[in-house]
Amino acid sequence: MRFETDPGQQAQVDWGSTAVTIGGEKVRIHVFTMVLGYSRRGTCQRL
């Protein structure tokens, strides 16, 4: 269920990790996403 909040009041955060192959070498990457509740704008960062 969606609900409305004032700016700066709510955000949804998810994170995880996975193994990928880069340059023939298997490495683990960590991913972080965040979506702001008011504007619905999102960002995704590789940590």
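Of all the criteria given as (1) modelled with pLDDT of 80 or more; (2) assigned to a loop (DSSP other than H, G, I, E, B), the one not satisfied by Asp14 is (2).
Please go through the stretch 19-40 and give me each residue that is in contact (Cβ under 8 Å) with a residue 12 or more places away in the chain and surrounded by fewer than 10 Cβ atoms within 10 Å (Cβ to Cβ), ordered by number.
The one that is in contact (Cβ under 8 Å) with a residue 12 or more places away in the chain and surrounded by fewer than 10 Cβ atoms within 10 Å (Cβ to Cβ): Ser39.
The values are calculated or read from the model by the stated rules, or taken from the named source; none is laboratory data. Note that the structure is a prediction, hence the values are computed from the model and not measured. Cβ atoms come from the backbone with ideal geometry, glycine included; neighbour counts cover every protein chain shown.
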